[in-house]
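Read-outs: derived from the displayed coordinates by stated rules, not from any lab. From a predicted model like this one, the values you see are computed outputs, not experimental measurements. Reconstructed Cβ throughout: ideal geometry from the backbone, glycine too, with neighbour counts over all protein chains shown.
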Amino acid sequence: MGRDPDRDALRRVLLARRDNTSAEMLEMASEMVRRRLRRWPPLDDAGSVGAYHSIGSEIRTGGIMQDILDSGKTLLLPAVLDGSGSLGTAYGSMEFRAVRDERDLAPGPYGIREPRTRCAPAVPDVVLVPAVAVTPDGHRLGYGRGYYDAYLGTHQIPSVAAAMEKQVVKRIPTNPQDIPVDWVVTEGRLFQA
């Protein structure tokens with residue numbers, strides 16, 4: 001997947017905007033996203049939930065992950081693969097693996113905590129997706145590596161992007177391989193894209 005200079009420039013601007021959020025505002029927004037996510041309709045019937053370990057100025061997912069575990073659902077986190085994935089994946093892809101607690105995690109190739117190889121791979125019933133920005137119709141700008149687009153393109157599962165309201169933008173340049181999310185959750189609203 002080639003890099004798009006327009007998307008890269010927009011990504012830098014939007015990351016700077018997100019990074020400008022105070023720690024207090026980020027914590028408050030994260031807690032509001034957590035509360036709204038509890039009312040996400042596809043979550044009710046899900047036995048397993050794909051989430052992600054937040055980094056930098058992303059919506060904090062620690063409380064969300066704990067809610068998933070406390071509800072008795074299986075928590076699945078992504079692991080970047082090098083072509084040896086057990087679910088028939090190729091280089092540049094990821095798989096979700098079941099985790100029970102922090103002991104199941106280790107730093108991955110990008111320094112993000114991800115499940116160890118001993119954790120069982122599985123396809124989640126629903127998935128929470130990170131975003132640098134998202135449009136009201138579900139087009140998402142990520143970090144530019146295409147992991148979530150590739151995953152959502154091969155697994156038809158309900159998806160929700162977690163973002164702050166200031167990350168919701170009118171338009172994002174799209175590519176044919178981009179897969180929109182089904183829902184968006186922010187500190188101010190939860191809506192179907």
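Brief remarks follow.
- Taking chymotrypsin sites (Phe, Trp or Tyr not before Pro) as exposed when DSSP calls them loop and at most 16 other C-beta atoms lie within 10 angstrom, the chain has its longest site-free stretch at 1-90.
- Per-residue ellipticity at 222 nm computed for the chain from its helices equals -8000 deg cm²/dmol, with DSSP H segments shorter than 4 residues left out and the rest contributing -39,500 (n - 2.57).
- Applying both filters, DSSP loop and at most 13 other Cβ atoms within 10 Å, to the trypsin sites (Lys or Arg not before Pro) of region 137-193 gives Lys170, Arg171, Arg189.
- Under 13 Å, Cβ to Cβ, from Arg39 - net charge with Lys/Arg +1 and Asp/Glu -1: +3
- Identified option (computed volume of the Cα convex hull per residue in Å³; candidates (1) 113; (2) 125; (3) 143): (1)
- If you plug the beta carbon distance of His155 and Val13 into 1/(1 + (r/R0)^6) with R0 = 22 Å, you get a FRET efficiency near 0.10.
- Fraction of beta bridges assigned by DSSP in the chain that are antiparallel (%, nearest 5): 55 percent
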